[in-house]
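The values are calculated or read from the model by the stated rules, or taken from the named source; none is laboratory data. The structure displayed is predicted, hence computed values, not measured ones. Counting neighbours? That spans all protein chains shown, and the Cβs are built from the backbone with ideal geometry, glycine included. Each accessible area value is taken on the protein alone, full model and side chains, heavy atoms only, with ligands, DNA and RNA left out. Shrake-Rupley method; radii C 1.70, N 1.55, O 1.52, S 1.80 Å.
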Amino acid sequence: QGGHNLCLLSMGSPFSAAREAVDDAANNVEQRVEQVLMQKKLMELKQLKMQRDVQLATKIAGTRDTVHWMGGFLTGMIGINVFKMAILRTGALTISHFPFLAVPTVFAYQCDMAYGTKMERVYKETRSILRNEKHWFNEPMALPPYLEPAYRAVQDSHNAKLVALGRKPDKVRCILFYYP
């Protein structure tokens, strides 16, 4: 009886053709699942890089706004000193005057953030940095070796769409962030 079962699964029997078809289908499904998982991982890495770029641009924009406020404060201090020395013919401001000028400036800075347009200015500056200052963000970044073929496939597909739209294809470089 054991030989009879082997005979049913041997080459040329109807069951072997069905088994090959099932094996092929299983391999195809397995490959497709692997492709989908790779694409998902690439999209997650791309999202992380985009998030990192926005955080960096926001930090740069906030720092620039702070520098503008500091520049205004220092210009005011110099202007007051020039006025005091040239017009009033008195000595320059001493360190004891600093709190009387710095505290209102810091208060105005905080009021600008809470009630003014500081956040709108930082947002606009962030968008400007992301749009116009690509040198902060476009350094090539390493991908793990197992993701490189999937990245190349996604890049080729993206470039084909760009060419179909009549645009230049992107350079093929790893632009995703990888944290080991």
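Net charge of the neighbourhood of VAL122, taken over other residues with C-beta under 13 Å away and scored Lys/Arg +1, Asp/Glu -1, is +2.
Neighbours of TYR109, meaning other residues whose beta-carbon lies under 11 angstrom from its beta-carbon, give a summed charge of -1 when Lys and Arg score +1 and Asp and Glu score -1. Ignoring aspartates and glutamates fewer than eight residues from LYS118 along the same chain, the ones with Cα atoms less than 12 angstrom from its Cα are ASP65. Shown here: region 28-180, whose C-alpha atoms stretch 88, 32, 28 Å along the first, second and third principal axes, sorted largest to smallest. Sorting ILE60, ILE129, ILE95, ILE87 by accessible area puts them as ILE95, ILE87, ILE60, ILE129; the probe is 1.4 Å, largest comes first, and only protein heavy atoms count.
Measuring only protein heavy atoms, the 1.4 Å probe finds GLU30 accessible over about 120 Å².
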